[in-house]
1. Just give me the residues in the range 203-222 being part of a helix (DSSP H, G or I) and either at pLDDT below 85 or buried (at least 20 other Cβ atoms within 10 Å of the Cβ) (or both), in sequence order.
2. Which pairs have Cβ atoms under 7 Å, sit 6 or more apart or on different chains, and link a residue in the range 9-28 that is within 18 Å of residue 255 (Cα to Cα) to one that is of a type in the set (Phe, Trp, Tyr)?
3. With respect to residue 179, is the statement that it is more than 13 Å from the chain's Cα centre (by Cα) and either assigned to a loop (DSSP other than H, G, I, E, B) or crowded, with 16+ Cβ neighbours inside 10 Å (or both) true?
4. Which residue is surrounded by the most Cβ atoms within 10 Å (Cβ to Cβ), if the candidates are limited to the range 92-133 and must be at pLDDT 85 or above and touching a His at 6+ places or on another chain (Cβ under 9 Å)?
5. Residues in the range 26-43: is at least one surrounded by fewer than 21 Cβ atoms within 10 Å (Cβ to Cβ) and touching a Phe, Trp or Tyr at 6+ places or on another chain (Cβ under 6 Å)?
6. On the given criteria, is residue 142 part of a helix (DSSP H, G or I) and surrounded by 20 or more Cβ atoms within 10 Å (Cβ to Cβ)?
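The values are calculated or read from the model by the stated rules, or taken from the named source; none is laboratory data. All figures in this text were calculated on a predicted structure; none of them were measured in a lab. Note that we place each Cβ from the backbone using ideal geometry, even for glycine, and neighbour counts take in every protein chain shown.
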Amino acid sequence: MNEATAIALIGFASCFGFLTGLHDSAKLVATVISSRALSSRVALGLVALVGFCGAFVLGTAVAETLGRDLASPHLYTVPTLFAALLSTIAWSLFTWWRGIPSSSSHALVGGLIGALSMQAGVWALNPSGLKKVLIALLFSPVLGLVGGYLFTRLTFWLCRHATPRVNSVLRIAQIPTALALALSHGSNSAQRTMGVVVLSLMVCGMQSHFAVPSWVTALSAAVMACGMGVGGWRLIKTMGACFYRIRPIHGFSAQLASASVMAAAAVLGGPVSSTHVVSSAILGAGSAERMSKVRWNVAEEVVAAWLLTIPGTALMGAVFHQLASYFAETQ
């Protein structure tokens with residue numbers, strides 16, 4: 001029975017990992033596609049491959065933050081994990097269908113908070129771990145915005161005497177920055193799935209302490225890469241075209257800023273939202289040229305999704321936990 005339950009939980013976690021890749025591919029390739037640095041097929045293939053490799057670098061600090069620091073791993077139960085994953089998957093599918101760039105990190109954290117609060121009470125959450133998670137989630141978009149603005153202003157200054165041919169140089173320069181972004185993203189985002197899979201093994205009695213086995217890393221990287229390879233075309237349109245007409249200088253600066261923020265977060269163990277980091281960096285890059293360049297009404301929709309995700313998935317996690325507990329008791 002425990003093995004069947006573990007397989008089911010790992011299956012749901014893998015679905016979450018796939019949807020994470022589906023959402024995240026949009027932000028990783030939107031700028032290089034919009035500026036025509038790479039074709040869509042080549043861009044998606046490259047970021048999927050590099051994102052897979054990224055899961056094996058920069059350690060497992062993010063997985064430990066989500067699985068061990070947010071609350072004691074021994075407080076989790078099967079209904080808690082099912083509820084958290086169901087709420088996260090439901091939110092991801094809804095926002096993907098609507099073409100809204102939402103955060104799988106926010107969704108997972110909200111689902112875990114809601115389900116854990118129903119399982120063991122709100123005091124079961126570790127204040128220091130919760131503070132670390134919320135600081136990473138809430139401040140990383142600000143760093144992305146500032147970084148996008150500053151990198152763009154710096155690039156404009158460095159290119160102030162250049163001819164229009166500099167656009168070709170910047171277009172080519174987007175390729176390595178896109179790969180750096182995919183690498184840092186793969187390291188940070190795949191660890192969310194790792195954390196949930198390890199918790200699933202623990203609640204099913206198949207692992208006694210929190211540690212990420214190599215096969216869990218490989219599985220998490222593979223399902224995320226598959227989602228990235230498929231690509232979230234609805235989201236690519238939002239990220240790459242609806243904010244403003246992205247030129248190579250914007251794409252280069254936004255990718256450089258985003259990669260820096262996410263790589264630092266992966267090393268420090270902060271589960272950041274790559275969706276909102278990249279969105280903010282794109283906004284910062286556009287506003288560095290002029291504020292009126294950005295379609296701020298589209299940005300408002302992204303911010304609204306940012307603010308609603310954690311409360312929304314926390315409520316869903318609490319409801320799903322009650323349903324999962326009732327179902328478990330009737331078996």
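1. Matches in the range 203-222: 203, 216, 219, 220, 221.
2. 23/96
3. When the stated conditions are applied, residue 179 passes them.
4. Checking each candidate, the answer is 115.
5. No, there is no match, as no residue in the range 26-43 is surrounded by fewer than 21 Cβ atoms within 10 Å (Cβ to Cβ) and touching a Phe, Trp or Tyr at 6+ places or on another chain (Cβ under 6 Å).
6. In short, no.
Yes/no matrix, rows are residues, columns are (1) more than 20 Å from residue 182 (Cβ to Cβ); (2) touching an Asp or Glu at 6+ places or on another chain (Cβ under 8 Å); (3) modelled with pLDDT under 80:
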residue: 242; (1), (2), (3): yes, no, yes
residue: 262; (1), (2), (3): no, no, no
residue: 292; (1), (2), (3): yes, no, yes
residue: 295; (1), (2), (3): yes, no, yes
residue: 301; (1), (2), (3): yes, no, yes
residue: 308; (1), (2), (3): yes, no, no
residue: 321; (1), (2), (3): yes, no, no
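Residue-by-condition table, conditions (1) closer than 26 Å to residue 268 by Cα; (2) charged (D, E, K, R); (3) touching a helix residue (DSSP H, G or I) at 6+ places or on another chain (Cβ under 9 Å):
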| site | (1), (2), (3) |
| --- | --- |
| 139 | yes, no, no |
| 144 | yes, no, yes |
| 151 | yes, no, yes |
| 155 | no, no, yes |
| 160 | no, yes, no |
| 163 | no, no, no |
| 168 | no, no, yes |
| 172 | no, no, yes |
| 178 | yes, no, yes |
